[in-house]
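Trainee: Have a look at this one.
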């Protein structure tokens, strides 16, 4: 298995000054390249199963922790009043459920490396 290598990404065509964006297809290629004998089809299947497991766990209200990477959990956003920036009119924003992610220590360290 390969260690952290520069992952591919694509330049945003509409806004070229923005950061590179890695697509799901590029992530699948990186996974397949990182494991000897793993095909792109099997890498895609593994990624899809992983993503569905994360979504199912968080949707049920469970927190999912991947040590070193981070923790996914379900959050609640209260109903609030906001203002329409064009008209200045106050509008009510309904309460909503949201997904929270807290990056793990190794993830934060990797992002903050220079």
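The values are calculated or read from the model by the stated rules, or taken from the named source; none is laboratory data. The shown structure was predicted, so the numbers you read here are calculated from the model rather than taken from an experiment. Backbone-built Cβ (ideal geometry, glycine too); neighbour counts: all protein chains shown.
Trainee: State yes or no: is residue 111 outside the structural domain of residue 23 (by TED's automatic domain parsing), exposed (fewer than 10 other Cβ atoms within 10 Å of the Cβ), under 16 Å from the mean Cα position of the chain (by Cα) and farther than 23 Å from residue 23 by Cα?
Mentor: no
Trainee: Can I ask one more? Being surrounded by 12 or more Cβ atoms within 10 Å (Cβ to Cβ) and part of a loop (DSSP other than H, G, I, E, B) is the filter here; which residues of the range 93-107 pass it?
Mentor: 104
Trainee: Suppose we filter the range 4-37 for residues that are touching a helix residue (DSSP H, G or I) at 6+ places or on another chain (Cβ under 9 Å) and at pLDDT below 65; how many remain?
Mentor: 6
Trainee: In the range 60-75, which residues are more than 13 Å from the chain's Cα centre (by Cα), closer than 17 Å to residue 96 by Cβ and surrounded by 12 or more Cβ atoms within 10 Å (Cβ to Cβ)?
Mentor: 74
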